[in-house]
1. Return the only residue of 60, 6, 15 being in a helix (DSSP H, G or I) and under 19 Å from residue 133 (Cβ atoms).
2. With respect to residue 71, determine if the residue is closer than 14 Å to residue 19 by Cα, touching a helix residue (DSSP H, G or I) at 6+ places or on another chain (Cβ under 8 Å) and assigned to a strand (DSSP E or B).
3. For residue 26, state whether it is at pLDDT 95 or above, crowded, with 18+ Cβ neighbours inside 10 Å and within 15 Å of residue 87 (Cβ to Cβ).
4. Just to verify a result, which residue in segment 38-59, among those that are at pLDDT below 95 and under 13 Å from the mean Cα position of the chain (by Cα), is surrounded by the fewest Cβ atoms within 10 Å (Cβ to Cβ)?
5. Among (1) loosely packed, with under 13 Cβ neighbours inside 10 Å; (2) farther than 18 Å from residue 118 by Cβ; (3) out of contact with any strand residue (DSSP E or B) (no Cβ under 8 Å at 6 or more places or on another chain), where does residue 82 come up short?
6. When you look at residue 102, is it in a strand (DSSP E or B) and either under 19 Å from residue 121 (Cα atoms) or in contact with a helix residue (DSSP H, G or I) (Cβ under 7 Å, 6 or more places away or on another chain) (or both), yes or no?
7. I'd like the residue in segment 18-30 that is part of a loop (DSSP other than H, G, I, E, B) and in contact (Cβ under 8 Å) with a residue 24 or more places away in the chain and, out of all such residues, is farthest from the chain's Cα centre (by Cα).
8. Check off (1) farther than 13 Å from residue 40 by Cβ; (2) modelled with pLDDT of 95 or more for residue 144 and give me the number that stays unchecked.
């Protein structure tokens, strides 16, 4: 089996574990010093600040699971090259507070070291995500702020 196929399988395993709420199994796929960065507005999503190390990533994932009762992914594209894996995913998170589904697209890039994920970089359609999390249109807020 090539390293690319193996790393692709490792990412699928990590995603499946996270989606079923098995945070410890997902973390076992990562290095102790795993580095996580997402491009999300932290004023609206303060838990999405950069994270370093398993404990900080655990805290992030626990926060996510405290807010959502179900997480599903469709990953139509998973590309692997050497120690890097890139995914394009459609994510579906069910809010605990009212059972609404938050649906968003994201690209996630993983870097491996020693067979474990050492780096996670997410790019999320944050405009759409923020509207769904806040459950309101944010366009008028943005344009009003520009006029002030």
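1. Being in a helix (DSSP H, G or I) and under 19 Å from residue 133 (Cβ atoms) holds for just one of 60, 6, 15, which is 60.
2. Yes: the conditions hold for residue 71.
3. yes
4. 50
5. (2)
6. Criteria met by residue 102.
7. Across segment 18-30, the extreme among qualifying residues is 29.
8. (2)
The values are calculated or read from the model by the stated rules, or taken from the named source; none is laboratory data. In this text the structure is predicted, and so the values were computed from the model without any measurement. Cβ atoms come from the backbone with ideal geometry, glycine included; neighbour counts cover every protein chain shown.
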